[in-house]
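Below is one structure, written out as structure tokens; the observations come after it.
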Amino acid sequence: MTINQTWNAGTLVARCEADGEFRIAARFWTGGLRLEIGATTVAMTVTDGVPRASDPGVGAPGVVTLSGGEAVWASLLAARPPRFFNDIFNLIGPGHLTLRADPVVHAQYYPAVMRALELLRPADPGVAVAPTTTGRSGTFDSPVGRYVHLDLEGQDYRVYFEEAGEGIPVLLQHTAGCHGSQWRHLFECRAITDHFRLIAYDLPFHGKSLPPVGPRWWAEDYNLTAGFLRSVPVALAGALGLEQPVFMGCSVGGLLALDLALHHPEVFRAVISLEGALNIEGDLKALSALWHPQVSNEYKARAMNALMSPTSPEAFRKETSQVYAAGWPPAFLGDLHYYLADYDLRETASKIDTGKVAVHILSGEYDASGTIEHGQAAHAAIAGSTWTGMTGVGHFPMSENPEAFIGYLLPVLEQIRAQPGSPRP
């Protein structure tokens, strides 16, 4: 292949200098960036966040070097990168990209590095545009929030939730390290709320659900366990007097949906698993930078962009990342204990009885974690389940591209309404 002529130091520096997102992400960075594209090197030196076209040298302090074959770079720097090639987070490893950098420096300036790479891409006219807010000043959005006390494993927890709509109750579980605001777009969809009572809650230690008073939680590692996580929606359904609610969760919540179908089929009429799987393989130790004291929440926020579709509206992708940046730092890594270590339904998923609890699985095209393949494997293991692949969305369908997601969700909700015994207001 021929090297793209825009892949040069002059273009890279000029675009970085003119870009506000890069300037903010690169603040205090002294070192540089080297892109080894086959036999060609594109490099810039960065001094206190200011780039210039010169090679800082391999292994110099603060320098991040990425090397790979021309074919990998062509996919990564395409206007619309193919599945899993939209971010270096998915590519660092054998056969794709080699990273040479101090691990802490890489984590600190990964947002700046990724923004620099984005600036080398041609514009993609197919990226969706988020609708602007049309509500007049003083108007209210639909959900109303309040707290409820739940007894979870013998301890009192004050749990925050928001709700809107009427009809069949639906409990909504957010992703790891996040909170219930991810579901805000569904609350404003009358096609949903005319028939379903949506209830989005924040897990303890997340969002507005504060830690419990009594235990010295600050002196212990936070690790989300399967038993505790399952207890939250079950206790909430009981406390709110919900009669056979639906459960819908994404990522950690998507795994939890299948977990609940196995362990608590008597509680729920249906579960909707977004980005679900039978098992997610991963090394928690390899993710330690998520809670390194010299690495801010910007790292995990930017890493979430690696799991989103590049065609989802930029404003909603950035909003999804911002919610991650606002979380308690240990929460994300601690939630991944359930996601990567505690959860495994490979040997037990076949025991799920979809005659007792309906199971619906939806998987985003660009999700590099709970992949389409993971969702298909779960569907194959659970007799009577349904599976849908969602084109043009990633790991956070409800927040990164709500319009596309709602189009996939409504047929599933209609199936649930059509279940015997379901009310049809």
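Computed from the coordinates by the stated procedures, all read-outs in this text should not be read as laboratory data. From a predicted model like this one, the values you see are computed outputs, not experimental measurements. A quick note on method: Cβ atoms are made from the backbone with ideal geometry, for glycine too, and the neighbour counts reach across all protein chains shown.
The table below lists the values:
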item: Residues 16, 189, 250, sorted so that the one with the fewest Cβ neighbours within 10 Å comes first; result: 189, 16, 250
item: Fraction of antiparallel bridges per DSSP, the chain only, in percent to nearest 5; result: 45 percent
item: Those lysines that a straight Cα-Cα span of less than 21 Å connects to residue 300, excepting residues fewer than 8 apart in one chain; result: 208, 285, 318
item: Rotationally averaged projected area of the chain (alpha carbon convex hull; nm²); result: 21.6 nm²
item: Estimated FRET transfer efficiency (residue 50, residue 285; beta-carbon r; R0 45 Å; 0.05); result: 0.80
item: For the chain, built as a Gaussian network whose Cα springs stay under 10 Å, the top-fluctuating residue of 175, 132, 65; result: 132
item: 20 °C / 1.002 mPa s Stokes-Einstein diffusion coefficient of the stretch 120-192, Kirkwood radius on C-alpha pairs, µm²/s; result: 135 µm²/s
item: Alpha carbon convex hull of the stretch 172-252, volume per residue in cubic angstrom; result: 110 Å³
item: Efficiency of FRET from Cβ geometry, residue 341 and residue 129, R₀ 35 Å, rounded to 0.05; result: 0.35
item: Point-to-point label distance, residue 144-residue 24, nm (Cα→Cβ direction, 7 Å offset); result: 3.5 nm
item: Taking the C-alpha atoms of the stretch 9-119, convex hull volume expressed per residue in Å³; result: 93 Å³
item: The chain, helix-only ellipticity at 222 nm - DSSP H runs n ≥ 4, -39,500 (n - 2.57), divided by all residues, nearest 500; result: -9000 deg cm²/dmol
item: Point-charge dipole on Cβ atoms (K/R +1, D/E -1) for the chain, about Cα centre, debye to 20; result: 500 debye
item: Taking the C-alpha atoms of the stretch 32-190, convex hull volume expressed per residue in Å³; result: 244 Å³
item: The stretch 267-396, dipole about Cα centre (Lys/Arg Cβ +1, Asp/Glu Cβ -1), debye to the nearest 20; result: 220 debye
